[in-house]
Amino acid sequence: MSETKCVGAQSVCFRSDVYVLGRAAVVGKKEGEGPLRSFFDVIDTTDMFEGENWNDAESRMMQKAATLAIKKAGLTPKQVRMLFAGDLLGQLLASSFGAGELPIPFLGVYGACSTMGESLMLASMAVDGGFADCAEAVTSSHFASAEKEFRFPLAYGNQRPLAATWTVTGSGAIVVGNRTALERCRTQREESAGTHGRIVPPGVEVVVAGGTVGKVTDYGVKDKANMGACMAPAAAAVVEAHLKDFGRTPEDYDKIITGDLGAVGVKIFADLLGQKGYRVESVQEDCGLLIYDNELQDTHSGGSGCGCSASTLAGYLLDKLYEGEWNRILFVPTGALLSPVSANEGSSIPGIAHAIVLERKQEVR
């Protein structure tokens, strides 16, 4: 019988290396004006991506990220066995229409803003389990398409409370594969695993080492303008479960990076973990706070949306691993599980988060 890959109560550990083969981050104008601008592959200053409407723009953005990540891996779309993708729109419209233009078997997933964690976990499981030699995880969000679906039409001009976050117009795509896929694409992919010409030392790879699947967590928060408060309990719960399952402490990670808790949520997250005996402040980061400069861009509590953590991971976070500034990070994208119907009916907003371990690996070649 093969060695179990289950760890503790809700975690998994991959017994074979699952390599990051390629990645791409595509964003809109506001994101391109933020502090991470140099880490993005494509910045569209129109936010339309040559689309006919906002939904079409998001589909094209997602397709562009997925295609570029495959190209940077030195592969063709037909060499990718499975595509795991999701977004915020009803019936996964952006992903479905975007995937329809790609010749890749498609599995739609939904975890709200945690979707990049879910899709990356599933793609890595498929590779480690031998069901695919390479698979792709991609997700997207668009400020305009999300606003009209979950809040108000842009023309309404409503005021946003200070606890509100700004939905990121962005898409991130990650191609993962096994050793065979790595060897196949090594001779073809770009010399630099970073973006914009940053050279990566020979033999450096990043692997998905495992992770923890989160549980739906509901603290009864009903304010859809305060996503950080809705999601922070789920993020704290999955990090606590992860540390217990792996027998680790926060200091075993160079960074623990939440998805889009924003200025409000990160404080709740740290406080909840502190009550459990875990101090995370020294290693804590949040994609929603990294992607914008709030003083200059006035996003109130920070960034959110599926594309927030996805584009930050595909650009900034992976660059830091490849460059050797970090060796191991815990990527914890977070999601608020609401719909326009549930919110308008006064239901509470449950949260979900997943924790993914990414490690830098120096190989002898």
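Key figures
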quantity: Near pairs, Cβ below 7 angstrom, 6+ apart or cross-chain, from segment 262-283 (part of a loop (DSSP other than H, G, I, E, B)) to any residue that is among the aliphatic types (A, V, I, L, M); calculated: Tyr278/Leu243; Val280/Ile256; Val280/Ala270; Val280/Leu273; Glu281/Ala270; Val283/Ile256
quantity: Qualifying positions in segment 326-365 - in contact (Cβ under 8 Å) with a residue 12 or more places away in the chain and acidic (Asp, Glu); calculated: Glu359, Glu363
quantity: Number of the exception - Leu321 against (1) surrounded by fewer than 18 Cβ atoms within 10 Å (Cβ to Cβ); (2) touching a residue at least 40 places away in the same chain (Cβ under 8 Å); (3) part of a helix (DSSP H, G or I); calculated: (1)
quantity: Elements of type helices (runs of 4 or more DSSP H) in segment 71-166, at least 3 residues being buried (at least 17 other Cβ atoms within 10 Å of the Cβ) and modelled with pLDDT of 90 or more; calculated: 93-99, 115-128
quantity: Some residue of segment 33-44 being outside any strand (DSSP E or B) and either over 18 Å from Gly307 (Cβ atoms) or in contact with a His (Cβ under 7 Å, 6 or more places away or on another chain) (or both); calculated: yes
quantity: Tally of residues being at pLDDT below 95 and either at positive phi or not in a loop (DSSP other than H, G, I, E, B) (or both) across segment 251-261; calculated: 0
quantity: Close pairs (7 angstrom Cβ cut-off, 6 or more residues apart or separate chains): surrounded by fewer than 24 Cβ atoms within 10 Å (Cβ to Cβ) and modelled with pLDDT under 95 in segment 172-188, among the polar types (S, T, N, Q) and part of a loop (DSSP other than H, G, I, E, B) anywhere; calculated: none
quantity: Subset of segment 224-250 (residues that are in a loop (DSSP other than H, G, I, E, B) and more than 14 Å from Val266 (Cα to Cα)); calculated: Lys224, Ala225, Gly247, Arg248, Thr249
quantity: Among the residues listed as Gly277, Gly307, Gly315, the single one being modelled with pLDDT of 95 or more, surrounded by fewer than 18 Cβ atoms within 10 Å (Cβ to Cβ) and not assigned by TED's automatic domain parsing to the domain that holds Phe143; calculated: Gly277
quantity: Flag if Thr217 is in contact with a helix residue (DSSP H, G or I) (Cβ under 8 Å, 6 or more places away or on another chain), surrounded by fewer than 23 Cβ atoms within 10 Å (Cβ to Cβ), modelled with pLDDT of 95 or more and polar (S, T, N, Q); calculated: yes
quantity: Test: Ser347 is small (Gly, Ala, Ser) and surrounded by fewer than 18 Cβ atoms within 10 Å (Cβ to Cβ); calculated: yes
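The values are calculated or read from the model by the stated rules, or taken from the named source; none is laboratory data. This one's a predicted model, so the numbers in the text were calculated from it and none came from an experiment. Cβ atoms come from the backbone with ideal geometry, glycine included; neighbour counts cover every protein chain shown.
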